[in-house]
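Note sheet for the following structure.
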Amino acid sequence: MSESSDPASLGPNVRQTAAEMATGDRTETLLQTEDLVKTFGGFTATDSVDFAIEEGELRCLIGPNGAGKSTLLKLITGTLTPTDGAVYYNGHDITDLAPNKRVDRGISMKFQVPSVYGDLTVRENARLPIQQFADGAERRQLVRESIDAAGLSGYEQVEASTLSHGQQQQLEISMAASLEPDLLLLDEPVAGLSVDERAKIAERVTRLNEDEGIAFIVIEHDTDFVGEIADKVTVLDEGDVFREGSIEEIESDPAVKRIYLGEDDGGDE
Ligand code: ADP
Ligand code: MG
């Protein structure tokens, strides 16, 4: 392995993985957590997490129920305030930045609980994020594109509550993506969806990642889905990073299998 790379030249918060240093590929760290801790009363949900992703990466986050996956994403969006530790984004310390300011910097999230507005139409929902920065003909064009990308052309006037679960997820991804984020966080985007709907979400996420360069952190249990989309997988267990690697490495790791034993998460094992 070559020792010639000089990570120091990338700045204090921009590190390279061993693999990148070995191959000489230089990518910038987009997001990094340092010793991140979140306790609820006496319970530690996030236990000194050091986690990082590169610009344009598509990372999946897996782990048993209660491992701290949703909590970690909420610490990244600022929905939750950490008990200790720091979050860096593009090399800047954003630990104390309000959630809306993080959205301005390019971090967007689709939460585990669907959050389309059921009594608004598809068009009204799609327009909500776009009207914050565009108006007139540009706004109408962006709203059309957003609805089209969700596969919802023809459904513009339909109340969102009457859409299928899969269509609501697509609409929500559109709403999050129309803020033109650099990082999009998805918490269980295909839970409860049919095989066909899952495939459509996988295709959508892959397209946003490859064509628009949006980096993703996706929490998901379904290993077929994870295998289809992920560059790299991080396993969380008991609040901390347990393993990181390719889906093949993770799936064949006996220790990973062990942490799922006795776990009944409704997955397809
Ligand atoms: P995951 O998404 O991996 O299933 P979570 O991040 O939702 O796990 O939760 C991790 C742990 O923290 C769980 O044991 C959960 O009960 C606990 N927890 C999460 N949010 C809260 C909260 N607001 N108050 C108390 N405990 C919480
Ligand atoms: Mg969760």
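The values are calculated or read from the model by the stated rules, or taken from the named source; none is laboratory data. Remember, predicted model here, so these are calculated numbers, not experimental data. In this analysis, Cβ positions are derived from the backbone assuming ideal geometry, glycine residues included, and neighbour counts consider all displayed protein chains. Just the protein is used for accessible areas: all its heavy atoms, side chains included, with ligands, DNA and RNA removed. Shrake-Rupley method; radii C 1.70, N 1.55, O 1.52, S 1.80 Å.
What the table below lists for this structure:
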quantity: Contact order relative to length of the range 70-162, as percent, for alpha carbon pairs under 8 angstrom and 6 or more apart; calculated: 25 percent
quantity: Of R198, R258, R140, the one that fluctuates the most in a GNM where the chain has Cα springs shorter than 10 Å; calculated: R258
quantity: Where L183, L120 fall by accessible area, highest first, once all protein chains stay in place (1.4 Å); calculated: L120, L183
quantity: Label-point separation in nm, E210 to T81, each point 7 Å along Cα→Cβ; calculated: 4.3 nm
quantity: Dipole moment magnitude, nearest 20 debye, the range 130-269 about Cα centre, only Lys, Arg, Asp, Glu C-beta charged; calculated: 540 debye
quantity: Computed [θ] at 222 nm, deg cm²/dmol, the chain (DSSP H ≥ 4; -39,500 (n - 2.57); rounded to nearest 500); calculated: -10000 deg cm²/dmol
quantity: Computed accessible area, F43, all protein chains, 1.4 angstrom probe, square angstrom; calculated: 130 Å²
quantity: Options T46, T81, V195, ranked by Cα towards positive dipole end of the chain, top entry (Cβ charges); calculated: T81
quantity: D35 paired with A98, simple spin-label distance in nm, labels 7 Å along Cα-to-beta-carbon; calculated: 2.9 nm
quantity: Cβ-Cβ FRET estimate between T162 and F133, R0 fixed at 35 Å, reported to 0.05; calculated: 0.75
quantity: Principal-axis tilt of helix 165-177 within the chain, Cα atoms, nearest 10 degrees; calculated: 70 degrees
quantity: Beta bridges by DSSP in the range 130-269, antiparallel share as percent, to the nearest 5; calculated: 50 percent
quantity: The chain, relative contact order in percent, only Cα pairs under 8 angstrom and at least six apart counted; calculated: 23 percent
quantity: Distance between modelled label sites at D196 and S48, nm, 7 Å Cα→Cβ extension; calculated: 5.0 nm
quantity: Within the chain, percent of DSSP bridges classed antiparallel, to nearest 5; calculated: 55 percent
quantity: Taking the range 125-192 and dividing mean pair separation by its residue count, relative contact order in percent (alpha carbons under 8 Å, at least six apart); calculated: 38 percent
quantity: Computed accessible area, Y88, all protein chains, 1.4 angstrom probe, square angstrom; calculated: 40 Å²
quantity: Nearest-10 value in Å² for the accessible area of R207, using the 1.4 Å probe; calculated: 100 Å²
quantity: Antiparallel %, DSSP beta bridges [both residues in the range 27-88], to 5; calculated: 100 percent
quantity: Given charges at beta-carbon only (K, R positive; D, E negative), |dipole| of the chain in Debye; calculated: 880 debye
